[in-house]
Amino acid sequence: MAELVFQYDGVVDKFIGDRVMASFGIPISRTTRSQIARDAISAVSCARQMALKLRQLNQQWLILSASILTHRKRLSSTLSNFLYN
């Protein structure tokens, strides 16, 4: 999953158990709406690709009689100050 973060220009912040915490739009602060929008689109696109990848992995694991995992997405934003000021 970390590889997908990199493909979408994100940065892996940390691993928490089997979770990946990633950030988009860093280390250089974005200042224009189009730059911020591009980072948001990258984050959502990455999350969608992670869900597809997990679905594929679960299918492989079912064949091997292994445990399957669920996927939850949590997207948070610090854009409110920029967008509403």
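The values are calculated or read from the model by the stated rules, or taken from the named source; none is laboratory data. As the structure is a computational prediction, the values presented were derived from the model and not from experiment. All Cβ positions, glycine included, derive from the backbone under ideal geometry; neighbour counts span all protein chains shown.
Points to keep in mind about this one:
- Filter result for Asp18 (among the acidic types (Asp, Glu) and surrounded by 12 or more Cβ atoms within 10 Å (Cβ to Cβ)): no
- Test: residue in segment 38-55 that is modelled with pLDDT of 85 or more and β-branched (Val, Ile, Thr): yes
- Qualifying residue in segment 46-60 (condition: part of a strand (DSSP E or B), of a type in the set (A, V, I, L, M) and out of contact with any strand residue (DSSP E or B) (no Cβ under 9 Å at 6 or more places or on another chain)): no
- Options Ser29, Ser67, Ser34: the member that is among the small types (Gly, Ala, Ser), assigned to a helix (DSSP H, G or I) and at pLDDT 65 or above: Ser34
- Any pair with Cβ under 6 angstrom, 6 or more apart, that starts in segment 1-17 at a residue that is farther than 16 Å from Asp39 by Cα and touching a residue at least 12 places away in the same chain (Cβ under 8 Å) and ends at one that is of a type outside the set (S, T, N, Q) and surrounded by 12 or more Cβ atoms within 10 Å (Cβ to Cβ): Met1/Val20; Met1/Met50; Ala2/Val12; Ala2/Val20
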